[in-house]
1. Report the residue count in region 66-83 for those that are open to solvent by 30 Å² or more (accessible area, probe 1.4 Å) and of a type in the set (A, V, I, L, M).
2. Look through region 93-124, keep the residues that are open to solvent by 70 Å² or more (accessible area, probe 1.4 Å) and acidic (Asp, Glu), and return whichever of them is nearest to residue 80 (Cα to Cα).
3. When the residues of region 112-124 are filtered to those that are out of contact with any Phe, Trp or Tyr (no Cβ under 7 Å at 6 or more places or on another chain) and more than 16 Å from the ligand (Cβ to nearest atom), which remaining residue is farthest from residue 67 (Cα to Cα)?
4. Restricting to region 48-65, what's the tally of residues that are of a type outside the set (Asp, Glu), open to solvent by 20 Å² or more (accessible area, probe 1.4 Å) and touching a residue at least 60 places away in the same chain (Cβ under 8 Å)?
5. Can you pull out every residue in region 51-94 that is within 23 Å of residue 122 (Cβ to Cβ) and within 12 Å of the ligand (Cβ to nearest atom)?
6. Which of the following residues is open to solvent by 20 Å² or more (accessible area, probe 1.4 Å) and more than 14 Å from the ligand (Cβ to nearest atom): 127, 138?
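The values are calculated or read from the model by the stated rules, or taken from the named source; none is laboratory data. On a predicted model such as this, the values are computed, not experimentally measured, just so you know. Here the Cβ positions follow ideal geometry from the backbone for every residue, glycine too, while neighbour counts run over all protein chains shown. To get the accessible areas, we keep the full protein, side chains included, count just its heavy atoms, and leave off ligands, DNA and RNA. Shrake-Rupley method; radii C 1.70, N 1.55, O 1.52, S 1.80 Å.
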Amino acid sequence: MKKALSFVFATGALFFAGQTFAKTCELEISANDQLQFDKQELVVAADCESVTLTLNHTGKLKVEQMGHNWVVASDADWQAVAQAGMQQGLENNYLPPGDERIIVHTDLIGGGESTSVTFDVAKFEKGGDYTFFCSFPGHWAVMKGKLVIE
Ligand code: CO
């Protein structure tokens, strides 16, 4: 009886903690066959502890022709990361493997596909300057936007 009661208490406490402290926010962005993201800015609200970002490729072209991903680096780093990624090939998502300047990224996907990534907001500075982009060669010149961490 004693054991059963403490189990109930522990479960309740975990549930409560989950509700109160570990808010996961959802963000969504789409990309098409015309090298466009549908948003130029994404905002992570101040009370988000983690974020699940879903990328939808609404086009029809294959990943080899029109691959899209969603990559975030600081405003200072993102162009160097994009340039370094160009030589890395599809198997590396056109990203330099293990590069610490990449704060978060999804896989590269083709038309009709979706992918998502969940990340910890603590990886970012509140109010910092971050750019999201697609690292497919040539895309990042136009496929980019601002990630705001409130
Ligand atoms: Co792309």
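1. Of the residues in that region, 2 qualify.
2. Top of the filtered list is 100.
3. 122
4. Selection size over region 48-65: 3.
5. Within region 51-94, 55, 69, 70, 71 meet the criteria.
6. None of the others qualify; the one that does is 127.
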